[in-house]
Amino acid sequence: MRYLHALAKTVAAAALLVVVLLPVARTGGPGGGAEPASAAYSGSPAYWLIASNGTVYQRGTVNYGDMSGYQLARPVVGGSATNDGGGYWMVASDGGIFAFGDAAFHGSTGGVALVRPIVGMAADPTTSGYWMVASDGGVFAFAAGFYGSTGGVRLDQPIVGMAPTPDGKGYWLVASDGGIFAFGDAGFHGSTGGVHLAAPVVGMSASPDGGGYWLVARDGGVFPYGDAPFLGAAGTGGIPPVVGLMSTPHGYPFPPNSTGNDVSQWQCPYYRGGSLPTTQPAVAIVQVSGGAIDLAQPSQCFPLEAQWAGENMSVYIYMDPVPSPPPAQALSGPAGQCAAGQATCESFNYGYHWATYWVDYARADGTNPRLWWLDVETTGGVWNLSSAAQPANAQVIAGAVAGLRSRGVVAGIYSTHLQWGEITGFDVTFPHIPLWEAGAYAINSGPNSAYQMCVSPDADHAPFAGGSTVVVQYGYDDPNKQFDEDYACP
């Protein structure tokens, strides 16, 4: 946050800040082996700061323009990035909209007599539209669906911001006391309503999978709920008070349409003479464990791979079923003390234990990735694929998802529609969970292109586990590839 503080000193003391954050199957499966694609993206954090006078400051991204030098009728109170991060909107308290870059203008309430002033806005993740919200909770939809409002309802405290769900079929409103109002398919994950706050809440942002959200207070305090990890306080000492928080269009540690690699111990120079890619790609996924859920890589490997991956690293855990006889980690845990032969209980405890173990392991090593993948695949033949075993298999994954979320990180799944069905029998789902899917040949051409698997997959490559595909592993048409290649969906 040192950079944020330095930028803020250039803003006139009377101008408040709106913070728009842009955390912009080895062959069979991760780490099995093609030349890394180059990427201009550096992997550094990217965000915009928007002052209430309409001035924009940026880091790690492009300044698409602002309202500096113009006399505004009303102050800017919020902003939102477009779905591809190629532009943004700013909104003033009278509902006037200012669009920059590839942000399209769909209308405004500028010039309309409002009952209460506009206090924020959010972009619809599935369209080029947006919503605005007034302090009484009245919602104004422009090229976006309307799912309800608190307009006309007596509120204890005024509404100060909003955030959309990942599919654009709902949104949350937040009041200055941290009270949350959920509409459409937005779930309630908690609030600070009724809690004494040192400073009022001024905005919110949703986690990438919609399973949680952050609230931010005027003093920079951040409150996570659901699966939203704790990010630390914004620390506003000496700068204009924070008036909002907005996260990236998709929220993952890689930009849309970027490429990169995933690596494992097989690419570690300390394990059988492997080698890592020579560049740091925009998508960098590292295996935190060894070749099994309960095995570590050689001690030097994970730190070296994490250094290669840099700030945009996500990590994955290779998943296995409970061995026989079940170890102590399976016999007790969040699912309780398991009776002899109670396979689903044992499986949940086992998955939970190893997921939390590897998060703690990574943190002890000085890294704290916020996106964790569970590698669920049939390669190696360790899973019993019978219908009788599938419920227990599914509970290993369910336990691991719960374990990751208990540590405040975002859980994702690496697999394919076919393998997920063979292992779990589609017995468990995790709404909106991010998916990393294997099986593409090239990015934009040929059979099973990565782009096609992102935007319009056929039945064999359909999303699974209740999730949405956000990364695709490609290069399966090249038997001599040196490194696995990965593509971030648009």
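The values are calculated or read from the model by the stated rules, or taken from the named source; none is laboratory data. These numbers were taken from a predicted model, which means no experiment stands behind them. Neighbour counts run over all protein chains shown; Cβ positions are idealised from the backbone, glycine included. Heads up: the accessible areas ignore ligands, DNA and RNA and are worked out on the full protein's heavy atoms, side chains in. Shrake-Rupley method; radii C 1.70, N 1.55, O 1.52, S 1.80 Å.
Odds and ends about this structure:
- Within the stretch 402-415, the set of residues being modelled with pLDDT under 95 and either out of contact with any Ser or Thr (no Cβ under 9 Å at 6 or more places or on another chain) or surrounded by fewer than 24 Cβ atoms within 10 Å (Cβ to Cβ) (or both) comprises 402, 405, 406, 407, 408, 409, 411.
- Selection count, the stretch 144-171, where residues are under 16 Å from residue 89 (Cβ atoms), out of contact with any Asp or Glu (no Cβ under 7 Å at 6 or more places or on another chain) and hydrophobic (A, V, I, L, M, F, W, C): 2
- Across the stretch 184-204, a minimum of one residue is classified as open to solvent by less than 10 Å² (accessible area, probe 1.4 Å), modelled with pLDDT under 85, within 20 Å of residue 82 (Cα to Cα) and in contact with a strand residue (DSSP E or B) (Cβ under 7 Å, 6 or more places away or on another chain).
- Taken over the stretch 294-307, the criterion of being over 21 Å from residue 351 (Cβ atoms) and surrounded by fewer than 19 Cβ atoms within 10 Å (Cβ to Cβ) is satisfied by 298, 299, 300, 303, 304, 307.
- Considering the stretch 105-147, and only residues there that are at pLDDT below 90 and not polar (S, T, N, Q), the residue that is nearest to residue 171 (Cα to Cα) turns out to be 125.
- Residue in the stretch 311-329 that is of a type in the set (Val, Ile, Thr) and either over 22 Å from the mean Cα position of the chain (by Cα) or open to solvent by 40 Å² or more (accessible area, probe 1.4 Å) (or both) present: yes
- Residues satisfying the stated conditions in the stretch 276-293, i.e. open to solvent by 10 Å² or more (accessible area, probe 1.4 Å), of a type in the set (A, V, I, L, M) and more than 9 Å from residue 308 (Cα to Cα): 292
- Between 379, 367, the distinction of being open to solvent by 50 Å² or more (accessible area, probe 1.4 Å), touching a strand residue (DSSP E or B) at 6+ places or on another chain (Cβ under 8 Å) and closer than 20 Å to residue 265 by Cβ belongs to 379 only.
- Residue under evaluation residue 151, criteria (1) within 25 Å of residue 200 (Cβ to Cβ); (2) surrounded by 20 or more Cβ atoms within 10 Å (Cβ to Cβ), criterion not met: (2)
- Identity of the residue in the stretch 211-224, open to solvent by 10 Å² or more (accessible area, probe 1.4 Å) and in a loop (DSSP other than H, G, I, E, B), that ends up nearest to residue 125 (Cα to Cα): 211
- In the stretch 149-196, the residues that are closer than 16 Å to residue 211 by Cβ and not in a loop (DSSP other than H, G, I, E, B): 163, 164, 170, 171, 172, 180, 182, 184
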